[in-house]
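Asker: Submitted below is the structure of interest, expressed as structure tokens.
The values are calculated or read from the model by the stated rules, or taken from the named source; none is laboratory data. A quick note: this is a predicted structure, and the numbers were derived from the prediction, not measured. Because the Cβ atoms are built from the backbone with ideal geometry, glycine has one as well, and the counts that use them run over all protein chains shown. Just so you know, the surface numbers come from the protein's heavy atoms only, side chains and all, with ligands and any DNA or RNA stripped out. Shrake-Rupley method; radii C 1.70, N 1.55, O 1.52, S 1.80 Å.
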Number of protein chains: 2
Amino acid sequence: MDRQLDRTDWRILAELQRDGRLSYNRLGRLVNLSPPAVAERVRRLEEAGVITGYQVTIDPAKAGLPLTAFVQMRCAPGRCLLKTTTAGDYPEVVEVHKLTGDSCTMLKIRTASMRHLEGLLERLGGHGELTSFVVLSTQYEGRPVEPPASELRPVTDSAGWSR
Amino acid sequence: MDRQLDRTDWRILAELQRDGRLSYNRLGRLVNLSPPAVAERVRRLEEAGVITGYQVTIDPAKAGLPLTAFVQMRCAPGRCLLKTTTAGDYPEVVEVHKLTGDSCTMLKIRTASMRHLEGLLERLGGHGELTSFVVLSTQYEGRPVEPPASELRPVTDSAGWSR
DNA sequence: GTTGAAACGAAAAAATA
DNA sequence: TATTTTTTCGTTTCAAC
């Protein structure tokens with residue numbers, strides 16, 4: 001599937017982002033397709049790499065990780081986080097993005113306490129300059145991805161930012 | 001369930017983060033529990049709000065949204081994004097976090113093109129000062145959450161940062 | 001892409017240890 | 001109390017249209 005996603009594909013993705021456990025039976029009914037047809041669509045989306053998997057979503061606070069923080073790293077030459085460490089060294093780091101501009105990477109962090117965060121930032125500091133932002137509250141996270149404006153966009157609810 | 005998650009809970013969460021579609025049958029086998037026992041555990045985790053749902057995971061680039069950016073907002077008085085707009089106004093915004101420090105919010109953005117991103121940043125700029133970071137590449141995203149160091153942590157693979 | 005049928009697997013309940 | 005077994009139900013897949 002190299003062609004652009006059509007309206008039906010996006011409806012399927014919307015439903016599966018809402019509930020990733022939907023059976024082809026129910027999913028088909030929701031998008032007005034028969035079970036085999038919708039199964040074939042999903043299979044193609046998986047094959048094309050549009051769908052990369054299915055995950056349970058967790059409330060980190062309820063799981064004992066109430067602190068979220070963003071960290072911008074500006075790694076020192078030869079000590080870049082990405083080059084000198086491995087994912088297993090920093091289990092608290094749940095996202096790593098390389099950036100344009102001054103900072104080289106943006107990290108998203110989950111920790112159990114300020115004490116843990118402090119320790120982590122100190123360890124990270126060994127790789128270069130860093131700027132950290134502690135999250136006070138999260139309005140949205142894992143919000144369903146929608147088709148770009150160029151394609152027909154489904155109606156979005158007009159609810160506010162708070163969840 | 002107000003008590004802390006035990007080792008088995010974390011093993012269940014680890015497996016469901018890997019594959020959110022696991023049946024109680026398979027899941028039970030993976031964590032050495034009978035299907036009813038594991039079903040009861042999952043039910044409790046859902047009830048306690050630790051598990052908030054199940055989502056398909058999508059590769060935004062493959063879905064026609066190749067650009068990711070972070071935006072730090074410093075909203076002007078009376079024009080705060082959170083107060084004057086609604087989620088539906090900005091479908092490109094997939095995450096919204098309130099921050100400590102100078103910036104008031106951190107946004108994560110997905111767009112179809114630089115042109116879209118430019119237009120979006122202009123609209124967002126109407127709410128106050130902003131600093132934007134375009135993502136060059138993403139090493140990790142949606143990485144499984146692990147138990148904090150205070151609790152027994154499962155073995156983490158020692159693979160590098162690249163996925 | 002749809003409909004129908006058949007086979008498979010999962011979930012719930014009851015019985016048992 | 002937890003596990004196993006059975007039964008029932010739903011889902012998936014295949015074949016025909």
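Asker: Output the residues belonging to region B:38-51 that are surrounded by 14 or more Cβ atoms within 10 Å (Cβ to Cβ) and either at the interface with chain A (Cβ under 9 Å from one of its Cβ atoms) or within 16 Å of DNA strand D (Cβ to nearest atom) (or both).
Answerer: Correct list: B:Val38, B:Ala39, B:Arg41, B:Val42, B:Leu45, B:Ala48, B:Val50, B:Ile51.
Asker: Tell me, yes or no, whether region B:3-19 has at least one residue that is within 13 Å of DNA strand D (Cβ to nearest atom) and within 13 Å of chain A (Cβ to nearest Cβ).
Answerer: Checked region B:3-19: at least one residue is within 13 Å of DNA strand D (Cβ to nearest atom) and within 13 Å of chain A (Cβ to nearest Cβ).
Asker: Something else: From the list B:Val42, B:Val96, which one is within 25 Å of A:Thr131 (Cα to Cα) and aliphatic (A, V, I, L, M)?
Answerer: B:Val96
Asker: For region A:20-36, how many residues meet the condition of being open to solvent by less than 40 Å² (accessible area, probe 1.4 Å) and within 10 Å of DNA strand C (Cβ to nearest atom)?
Answerer: Summing the residues that are open to solvent by less than 40 Å² (accessible area, probe 1.4 Å) and within 10 Å of DNA strand C (Cβ to nearest atom) in region A:20-36 gives 2.
Asker: Return the residues of region A:1-19 that are over 16 Å from B:Arg21 (Cα atoms) and either near DNA strand C (Cβ under 9 Å from one of its atoms) or in contact with a helix residue (DSSP H, G or I) (Cβ under 7 Å, 6 or more places away or on another chain) (or both); say none if nothing qualifies.
Answerer: Those that are over 16 Å from B:Arg21 (Cα atoms) and either near DNA strand C (Cβ under 9 Å from one of its atoms) or in contact with a helix residue (DSSP H, G or I) (Cβ under 7 Å, 6 or more places away or on another chain) (or both): A:Met1, A:Asp6, A:Thr8, A:Asp9, A:Ile12.
Asker: All but one of (1) open to solvent by less than 30 Å² (accessible area, probe 1.4 Å); (2) more than 29 Å from A:Ser162 (Cα to Cα); (3) out of contact with any helix residue (DSSP H, G or I) (no Cβ under 8 Å at 6 or more places or on another chain); (4) not aromatic (Phe, Trp, Tyr) hold for A:Met73, so report the exception by its number.
Answerer: All conditions pass for A:Met73, except number (3).
Asker: Restricting to region A:108-140, give me the number of residues that are touching a Pro at 6+ places or on another chain (Cβ under 9 Å) and of a type outside the set (S, T, N, Q).
Answerer: Result for region A:108-140: 4.
Asker: What are the pairs with Cβ atoms under 8 angstrom where one residue, in region A:31-43, is basic (Lys, Arg) and the other, located anywhere, is assigned to a helix (DSSP H, G or I) and more than 6 Å from DNA strand C (Cβ to nearest atom)? Sequence gap at least six, or different chains.
Answerer: The qualifying pairs are A:Arg41/A:Thr8; A:Arg41/A:Asp9; A:Arg41/A:Ile12.
Asker: Is it the case that A:Ser113 is within 27 Å of B:Tyr90 (Cβ to Cβ), open to solvent by 30 Å² or more (accessible area, probe 1.4 Å), more than 7 Å from chain B (Cβ to nearest Cβ) and without any contact (Cβ under 8 Å) to a residue 60 or more places away in the chain? Break it down into steps so the answer makes sense when it comes.
Answerer: Details: within 27 Å of B:Tyr90 (Cβ to Cβ): no; open to solvent by 30 Å² or more (accessible area, probe 1.4 Å): yes; more than 7 Å from chain B (Cβ to nearest Cβ): yes; without any contact (Cβ under 8 Å) to a residue 60 or more places away in the chain: yes.
So A:Ser113 does not fit the description; no.
Asker: Taking B:Leu33, is it more than 9 Å from every other protein chain (Cβ to nearest Cβ), within 16 Å of DNA strand D (Cβ to nearest atom) and assigned to a loop (DSSP other than H, G, I, E, B)? Break it down stepwise before answering.
Answerer: Details: more than 9 Å from every other protein chain (Cβ to nearest Cβ): yes; within 16 Å of DNA strand D (Cβ to nearest atom): yes; assigned to a loop (DSSP other than H, G, I, E, B): yes.
Yes, satisfied.
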